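All remarks here apply to the structure that follows.
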Amino acid sequence: MCASTLAFAGPERRRHARFRTPPMYHAVAVRPLESSAASCEGHAYDLSEGGAQIELDEAIPVGSEVALCLHLPAGFETGPGRSIVVLGRVIWVDEDGTPGPARIAIAFREFAREVDASRLRRYLHQGGLLIAA
């Protein structure tokens, strides 16, 4: 896989505002659906209602269908269930070919539960995150 593999090119295609997340603050676990491999763990760099940019120790190929579990920070909502589960597709990977972390963008396709979608909307629009460029 080459550096900055893009699934599409052209003008801005985002439909949702993208929010920067504090470094190492939003843990994620990602599992390719067509694989029996264990989940890869990492963290989110930015989030929107339609996708996320994450960093994992290993790259996942562009086009892969994945299940992503995003852990929201403590204090956002009380009690268990602060995790959001969503199915999506890897749309780009930025890696330099050396061992180490890879930045990956995932476009969300379907939330596991409607409550996950509404929880993410509430979290993003509560005013605590900065809009990403």
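Against the definition (at pLDDT below 85, surrounded by fewer than 19 Cβ atoms within 10 Å (Cβ to Cβ) and under 19 Å from GLY127 (Cα atoms)), how does ARG82 come out, yes or no? In short, yes.
Counting residues in region 121-130 that are surrounded by fewer than 16 Cβ atoms within 10 Å (Cβ to Cβ), assigned to a strand (DSSP E or B), modelled with pLDDT under 95 and of a type outside the set (Phe, Trp, Tyr) gives zero. For region 93-120, a residue qualifies if it is surrounded by 16 or more Cβ atoms within 10 Å (Cβ to Cβ) and either among the β-branched types (Val, Ile, Thr) or modelled with pLDDT of 95 or more (or both), and the qualifying residues are VAL93, ILE104, ALA105, ILE106, ALA107, PHE108, PHE111.
The values are calculated or read from the model by the stated rules, or taken from the named source; none is laboratory data. Nothing here was measured: the structure is a model prediction, and the numbers come from that model. Reconstructed Cβ throughout: ideal geometry from the backbone, glycine too, with neighbour counts over all protein chains shown.
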